[in-house]
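Trainee: Dropping a structure here in structure tokens format, bear with me for questions.
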Amino acid sequence: MSIPHPKAAVLFAALAVLASGLRAQDRMTLQQFIDTAVENSLSLRIAGRAVTGAEDRIREAKSAYLPQVNLAGSYTRISLVSEFDIPDLGHFKFGTPDNFSFRLAASEQVFNWGRTAKSVELSRLGRTVALDSVSLTAQTLAYQIVPIFYGVLYTQEAVKVIDSTLDLLAGKLAILEERYQAGLASDFDVSLLSVQISGLRSQKLDFENSVRKMMIAYNRIAGRPYDSAFVPEGTLALESVQEDSASLLGEARANRLEARQVENQRTMAQTQIALARTLDKPTVSAAFNYEFRNGFLPNVGQVRGNWNAVLAVSYPVFDGNRTSAQVAQAEVTLRAVEDQAEDMVRGFGLEINQALSDLTTLEQKTQVEEAKIEHAEKALRIADERYRNGLMSMTDLVEAQDSLDSARLNYLQLVYNHVLARYSLFKAVGRKIHS
């Protein structure tokens, strides 16, 4: 790891309180920053609804283990009833115009070749996938928060660089104006330095606006009022990663939630195949019915109770090849999931190697920028001395100051990019950064 230039290192000291009016609870570490957003995220709440739905589907699948009980009643009015008289025996009716029926029916599948068990297993796997989706949503959100946190740190540190330069230039402008009044400096030099100060103030306004917009974006995610302020408690620091790509890929395969999701999808596809293969297998069911109704001879008007029990076996001899077609579809789904798993691992490797390449390049560029800062500081000291001795124009002095400011801001930008690249690597290997 490169050692930052002493003066550049000062730029990355712990952030001071921006304003005395901010409450103490507005100071937030990265962990607090992330946890607050995750806890109040609407997207996470939406993902949680899917878990509830999956749990309801488990209860629905388990209902096949229990008997289905129905209670029914009916009244039927018949306009024509068979009746006749037999001499010396009397008048006979074979029905009644008012017919009442009250029935209690219970049925249950006694055996269905494991179809119910596999349906329950499939529903449970669906809940596992939904839970993993919640975890993945939380982790994705956490990594989306990181650039905001460090973006605020970066822009505030950049404002400090500009403020420092503004203080120096303001002092130079005051001296220059006195020299101008004494006829020792031109109005062009005064104008040039004033324009330089105005340009820096404009740049500062852009940075401050960027901070406000990032705070608004965070407050929207975290469910806070848009105008809520906070002070990120942390530092920008360049930290090298020494791990090799092979070990990082192994970590990704073990930890990435996407890998676990694909594995669950593979199990679901296998279960779906097993379930599809039960569709052309025999089913045994039992039913029991108890009924109160009238219409029984010889007294057709009397309501009487009766029952029946049924044990039925059903065997689909031919279903038009529907079962084989569903099995084939499930097998295609399984092969697609296996291909997806292979492609996913390749994607992990791509993300890891790209992040490592970015980190290496950024570390090398910071070393270059450190040298540029050191050179720019020396150049500014020489330019300042030569200007005071009348050997250099104000234009050259301003350019020397611009070169130093540019080098310092570039260094800050490189460190910020390095932090983001490091977290991109953490995301690529599936490291959890929220509580």
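Trainee: Yes or no: LEU205 surrounded by fewer than 16 Cβ atoms within 10 Å (Cβ to Cβ), free of Cβ contacts under 8 Å to residues at least 12 places away in the same chain and part of a loop (DSSP other than H, G, I, E, B)?
Mentor: Taking the combined requirement at face value, the residue does not satisfy it.
Trainee: Can you say whether ALA274 is small (Gly, Ala, Ser), buried (at least 18 other Cβ atoms within 10 Å of the Cβ), touching a helix residue (DSSP H, G or I) at 6+ places or on another chain (Cβ under 6 Å) and under 30 Å from SER135 (Cβ atoms), as far as the supplied structure shows?
Mentor: no
Trainee: Which ones in segment 240-274 are in a helix (DSSP H, G or I) and without any contact (Cβ under 8 Å) to a residue 24 or more places away in the chain?
Mentor: Hits for segment 240-274 are ALA246, SER247, GLY250.
Trainee: A further question on this structure: Just to check your reading of the model, which residue among THR52, THR96, THR140, THR116 is within 29 Å of TYR290 (Cα to Cα), of a type in the set (Ser, Thr, Tyr) and under 37 Å from the mean Cα position of the chain (by Cα)?
Mentor: None of the other options fit; the residue is THR116.
Trainee: Sticking with this structure for a sec: Hey, among SER357, SER406, which residue is over 18 Å from ARG253 (Cα atoms), small (Gly, Ala, Ser), more than 32 Å from the chain's Cα centre (by Cα) and in a helix (DSSP H, G or I)?
Mentor: From the options SER357, SER406, the qualifying one is SER406.
Trainee: When the residues of segment 319-349 are narrowed to those that are within 22 Å of the chain's Cα centre (by Cα) and of a type in the set (A, V, I, L, M), which ends up nearest to MET268 (Cα to Cα)?
Mentor: VAL337
Trainee: Tally time: how many residues in segment 110-127 are part of a loop (DSSP other than H, G, I, E, B) and hydrophobic (A, V, I, L, M, F, W, C)?
Mentor: Number of matching residues: 1.
Trainee: Given the conditions (1) closer than 30 Å to PHE188 by Cβ; (2) without any contact (Cβ under 8 Å) to a residue 24 or more places away in the chain; (3) of a type outside the set (Asp, Glu); (4) part of a helix (DSSP H, G or I), report the number of the one that ALA371 does not fulfil.
Mentor: Of (1) closer than 30 Å to PHE188 by Cβ; (2) without any contact (Cβ under 8 Å) to a residue 24 or more places away in the chain; (3) of a type outside the set (Asp, Glu); (4) part of a helix (DSSP H, G or I), only one is false for ALA371: (1).
Trainee: Another question, if that's okay. Determine, yes or no, whether GLY73 is surrounded by fewer than 17 Cβ atoms within 10 Å (Cβ to Cβ), in contact with a Ser or Thr (Cβ under 9 Å, 6 or more places away or on another chain), at pLDDT 95 or above and not in a helix (DSSP H, G or I).
Mentor: Taking the combined requirement at face value, the residue satisfies it.
Trainee: For segment 84-109, which positions are closer than 15 Å to PHE296 by Cβ, among the hydrophobic types (A, V, I, L, M, F, W, C) and outside any strand (DSSP E or B)?
Mentor: PHE94
Trainee: A follow-up question, please. Any residue at all in segment 275-293 that is in a strand (DSSP E or B) and in contact with a Leu (Cβ under 6 Å, 6 or more places away or on another chain)?
Mentor: Yes, because at least one residue in segment 275-293 is in a strand (DSSP E or B) and in contact with a Leu (Cβ under 6 Å, 6 or more places away or on another chain).
Trainee: Return the pair list, or none, for Cβ contacts closer than 9 Å from residues in segment 380-402 that are closer than 15 Å to GLN196 by Cα to residues that are part of a loop (DSSP other than H, G, I, E, B) and modelled with pLDDT under 90, at least 6 apart or on different chains.
Mentor: So the pair list comes out as MET394/ALA185; MET394/SER186; ALA400/MET392.
Trainee: Check segment 128-146 and report whether any residue there is charged (D, E, K, R) and either in a helix (DSSP H, G or I) or touching a helix residue (DSSP H, G or I) at 6+ places or on another chain (Cβ under 7 Å) (or both).
Mentor: yes
Trainee: Here's a follow-up. Just give me the residues in segment 296-331 being surrounded by 11 or more Cβ atoms within 10 Å (Cβ to Cβ) and of a type in the set (A, V, I, L, M), in sequence order.
Mentor: Once the filter is applied, which keeps residues that are surrounded by 11 or more Cβ atoms within 10 Å (Cβ to Cβ) and of a type in the set (A, V, I, L, M), segment 296-331 yields VAL300, VAL303, ALA312, ALA325, VAL327, ALA328, ALA330.
Trainee: Has segment 59-69 got at least one residue that is exposed (fewer than 12 other Cβ atoms within 10 Å of the Cβ), among the hydrophobic types (A, V, I, L, M, F, W, C), within 21 Å of LYS118 (Cβ to Cβ) and out of contact with any Ser or Thr (no Cβ under 6 Å at 6 or more places or on another chain)?
Mentor: yes
Trainee: Right, next: May I ask you to verify whether THR278 is farther than 30 Å from ARG103 by Cα, polar (S, T, N, Q) and touching a residue at least 60 places away in the same chain (Cβ under 8 Å)?
Mentor: yes
The values are calculated or read from the model by the stated rules, or taken from the named source; none is laboratory data. If you're wondering where the values come from, they're calculated on a predicted model, not measured in any experiment. So basically every Cβ, Gly included, is an ideal-geometry build from the backbone, and we count neighbours across all protein chains shown.
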